[in-house]
Amino acid sequence: MNLQTIGNAILIVLVIGWIGYRQTTWRPVAIGRMYRLALILAIVGAGLLVQQSGGLTGLDVAVLLVEVVISLGVGAWMGAIARFRPLDPPVPAGSSDQVARFASRTGWWGLALWLVVIAVRVGIDVLATGLGAHAATSTGVILLLIAANRAARTAVFAVRLERRAAVTA
């Protein structure tokens, strides 16, 4: 076991705990902040991927694309199963001028979907490593997949909240 494997394991445990908590509790919805988190994770992930890999092979790219598509799909699914409740009164969303008017959670189903994403990722990584795709196991890829998941979830949230606002208007 090398240092990168240990780092990945620690990162996975922290991400599962953090996202698991967030899936099962009501959280104010601030679409701008949610997109910003996905963007930051994507930038850091891409930077780490470039730094950690000596070059991407065609197999690395194919594995990454498959994992991104799965992550986007599950993120959209999470956005679709999320429940919303109005916040009365609305709450400030961070340091910006944005105000959260709704809170959301995906509950235990959202957590179960995260566990599916992780299980699929581990399976694909084992298969990809056996085939010679070593960049697929990097921390950068993990962060890119989380970013894709969060971006898809946020996009579905935005559409659902726009529809909800149109119906109540």
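Worth a mention:
- Segment 110-164 and segment 1-32: distance between their alpha carbon centers, rounded to Å: 12 Å
- Percent carbon-and-sulfur accessible area, the chain, ignoring ligands, DNA and RNA, probe 1.4 Å: 70 percent
- Using the 1.4 Å probe convention, the accessible area of segment 99-155 works out to 41 Å² per residue with neighbouring protein chains retained.
- Projecting label points 7 angstrom from Cα along Cα→Cβ for GLU162 and ARG22 puts them 2.2 nm apart.
- Near VAL29, the amide H atoms lying under 5 Å from its own belong to ARG101, PHE102, ALA103, SER104; only residues 5 or more places off or on other chains count, and H is placed 1.01 Å from N.
- Residue separation of LEU11 and ALA80 scaled by 0.36 nm, minus their Cα-Cα distance, works out to 22.2 nm of gained length.
- The magnitude of the dipole of the chain, with charges of +1 and -1 set on the Cβ of Lys/Arg and Asp/Glu and taken from the Cα centre, is near 700 debye.
The values are calculated or read from the model by the stated rules, or taken from the named source; none is laboratory data. Note that the structure is a prediction, hence the values are computed from the model and not measured. A quick note on method: Cβ atoms are made from the backbone with ideal geometry, for glycine too, and the neighbour counts reach across all protein chains shown. SASA here: full protein model, heavy atoms, side chains in, ligands and nucleic acids out. Shrake-Rupley method; radii C 1.70, N 1.55, O 1.52, S 1.80 Å.
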